[in-house]
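Remarks on the structure that follows.
The values are calculated or read from the model by the stated rules, or taken from the named source; none is laboratory data. These numbers were taken from a predicted model, which means no experiment stands behind them. Here Cβ is always computed from backbone atoms with ideal geometry, including for glycine, and neighbour counts include all displayed protein chains.
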Amino acid sequence: MYRSLLRFLVPLALVILIRDLSNQVLNGGMARLPEATATLASFGLAFGLFFLVAAPLSQLTSTSLVLVTGRSSYRAVRNYVWLLCLLITVLLASLDFTPLGDLVIERAHGIAPPFSLLVRRALLWLMGAPILYGLTHFYSGLLLRVRRTAINGYSTLAGIVTSTVTVFLLLPLPFVQATPLLLPVLATYVRMVTEMAIVGYGYWRYVRPGQLAEA
């Protein structure tokens, strides 16, 4: 019993630890770029706004874990996931292209150009992230349902490794030196794509072949 409990909980604890360490790696990379202060501040605010807006997506792990019991419920929850990701993307776009962005970025945070323009640019470049973030949580919940928590841990570890390698590979490149904001954005996408690909494969390998068949 205790061995099964450890096999269930240890990967989850590993996920939390690795995610904390990954932020330090990314910050260290940005600190080595030109205009490091502006890049750190603008991306930090943009990423914070992204996670604030995308907070409902983090609940998709619990949603799929609890509500997906068969093929019909899988389709219903999957459609909900796509709709929610679309709504989050639209909300991010509103921060970039509507007066809501002026209220949230410039007035609420007291940020003036050119820093506010960098924040908006980062938000624009992050508009593809909600679907990756949402699907990762959705498939992670399905893997938890069949007790494949290790795959969630592996996906996070692989995401950290690939994003760390990306940071070191991109640092010396001229286009990154010219546009430092590209470094955290590209590293973030590499991490998200890696995590989503691994949990997606885990779903295809361990869940899809029959685990969702209606009783």
>> Within the stretch 125-135, does at least one residue satisfy the condition of being part of a helix (DSSP H, G or I), aromatic (Phe, Trp, Tyr) and either within 19 Å of Pro34 (Cβ to Cβ) or modelled with pLDDT of 90 or more (or both)?
In response: yes
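In a helix (DSSP H, G or I) and crowded, with 22+ Cβ neighbours inside 10 Å - does that describe any residue in the stretch 108-116? Break it down stepwise before answering.
The initial filter retains those residues of the stretch 108-116 that are in a helix (DSSP H, G or I), namely 108, 115-116.
With the extra rule that they be crowded, with 22+ Cβ neighbours inside 10 Å, the set shrinks to none.
Checked the stretch 108-116: no residue is in a helix (DSSP H, G or I) and crowded, with 22+ Cβ neighbours inside 10 Å.
Among Thr39, Thr69, Thr98, which is buried (at least 17 other Cβ atoms within 10 Å of the Cβ) and of a type in the set (Ser, Thr, Tyr)?
On the way: Thr69 fails: buried (at least 17 other Cβ atoms within 10 Å of the Cβ); Thr98 fails: buried (at least 17 other Cβ atoms within 10 Å of the Cβ).
From the options Thr39, Thr69, Thr98, the qualifying one is Thr39.
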>> Tell me yes or no: at least one residue of the stretch 13-34 is modelled with pLDDT under 90, of a type in the set (A, V, I, L, M) and more than 26 Å from Leu186 (Cα to Cα).
In response: yes
> Does Thr69 meet the test of being under 18 Å from the mean Cα position of the chain (by Cα) and of a type in the set (Ser, Thr, Tyr)?
Replying inline: no
> Restricting attention to the stretch 45-66, which residues are of a type in the set (A, V, I, L, M), surrounded by 13 or more Cβ atoms within 10 Å (Cβ to Cβ) and closer than 30 Å to Arg120 by Cβ?
Replying inline: Leu45, Ala46, Leu49, Val53, Ala54, Leu57, Leu60
>> Within the stretch 97-104, does at least one residue satisfy the condition of being among the aromatic types (Phe, Trp, Tyr), in a helix (DSSP H, G or I), without any contact (Cβ under 8 Å) to a residue 24 or more places away in the chain and out of contact with any Cys (no Cβ under 6 Å at 6 or more places or on another chain)?
In response: yes
> Somewhere in the stretch 164-176, is a residue surrounded by 20 or more Cβ atoms within 10 Å (Cβ to Cβ), within 30 Å of Arg75 (Cα to Cα) and in contact (Cβ under 8 Å) with a residue 12 or more places away in the chain?
Replying inline: no
> Out of the stretch 50-78, which residues are more than 21 Å from Glu195 (Cα to Cα) and either in contact with a His (Cβ under 7 Å, 6 or more places away or on another chain) or part of a helix (DSSP H, G or I) (or both)?
Replying inline: Val66, Leu67, Arg71, Ser72, Ser73, Arg75, Ala76
